[in-house]
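First comes the structure, then the notes that go with it.
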Amino acid sequence: MSPRLALLAVLLALAGCEQAMHDMYGQPKYKPLQPSPLFADGNSARTPPPGSVPMAQGEAADTASGRHGQMTLPPAPGPALPPDAQGRSLARGEVGERRYANPLPLTASLLQRGRERYDIYCAPCHGLAGNGDGMIARRGFPAPPSYHTDRLRNASDSHFYQVISNGYGVMYPYADRIAPPDRWAIVAYIRALQLSQHAPRDRLTPQDLARLPVTPDNGGRR
Ligand code: HEC
């Protein structure tokens, strides 16, 4: 094919594209609020069928899972907690939030799932034990707070759930990567991590006590 013929073929092909684009712009459609004789009420806008799940609102808005219609509905929150259970100050993001307990039954498999998800999604920054010293923080990302502070020990389960769902300060949200039941599993596991560093003495068995090292910190007493 001569160069001229080739050029002509390309131009014709492009013109074809242009025509197809116009067909797409010009397709029959209703603009918002335009009337339509098709429906008895004369409106082109239809009300969604009962039970429809909105994908442009709420916690699945703009997430891949919301867009693809694979949203898992959050389990109903657990029992409501009093505004400030211990009479101590609330976590920063918790002011004005409603406080709920984890709605999922606390089982070993929930904790195992929580541990697995935590180690994947949270430990890189928060550290495997929740001290805020994960590899990403050690390499320069702003350091997250340790979970082992009074403030976060007293924060409600729902506060952790909110932080995972909506992000917090420089921490971005995980709503599109962690399904709601897994968020609660992670919350349960964080509670276990907190307990692991701060177990009340009277909840330890004699076997646990026997395994405690005797250090100057505890006055030589187990
Ligand atoms: C890329 C690093 C990074 C990852 C991954 C990460 N976080 Fe964070 N997180 C942070 C930083 C940084 C802060 C402190 C943000 C601030 O105060 O601006 C924070 C804060 C928090 C807080 C404290 C909120 C408060 O009230 O002070 C909680 C709880 C938390 N993250 C939970 C999680 C959980 C659960 C996961 C896993 C699903 C997770 N984070 C994953 C970096 C991260």
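The values are calculated or read from the model by the stated rules, or taken from the named source; none is laboratory data. Just so it is clear, the model here is predicted, and its values are computed rather than measured. All Cβ positions, glycine included, derive from the backbone under ideal geometry; neighbour counts span all protein chains shown. We work out accessible area using only protein heavy atoms, side chains counted, and drop any ligands, DNA or RNA first. Shrake-Rupley method; radii C 1.70, N 1.55, O 1.52, S 1.80 Å.
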Requested in this report: May I ask you to list pairs of residues, at least six apart or on different chains, whose Cβ atoms are under 6 Å apart, with the first in the range 114-139 being of a type in the set (Phe, Trp, Tyr) and the second being open to solvent by less than 20 Å² (accessible area, probe 1.4 Å) and within 10 Å of the ligand (Cβ to nearest atom)?
Outcome: 118/186
Requested in this report: Within the range 143-171, track down each residue that is more than 9 Å from the ligand (Cβ to nearest atom), under 17 Å from the mean Cα position of the chain (by Cα) and of a type in the set (Gly, Ala, Ser).
Outcome: 156, 158, 165
Query raised in the report: Taking the range 169-215, which residues are open to solvent by less than 70 Å² (accessible area, probe 1.4 Å) and of a type in the set (Val, Ile, Thr)?
Result: 178, 186, 187, 190, 205, 215
Report task. Scan the range 118-128 residue by residue and report those that are crowded, with 16+ Cβ neighbours inside 10 Å and more than 7 Å from the ligand (Cβ to nearest atom). Result -> 123, 127
Query raised in the report: Quick one: would you say residue 138 is basic (Lys, Arg), surrounded by fewer than 21 Cβ atoms within 10 Å (Cβ to Cβ) and within 10 Å of the ligand (Cβ to nearest atom)?
Result: no
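Only residues that are within 7 Å of the ligand (Cβ to nearest atom) and under 11 Å from the mean Cα position of the chain (by Cα): list them for the range 173-196, please.
Selection gives 174, 178, 186.
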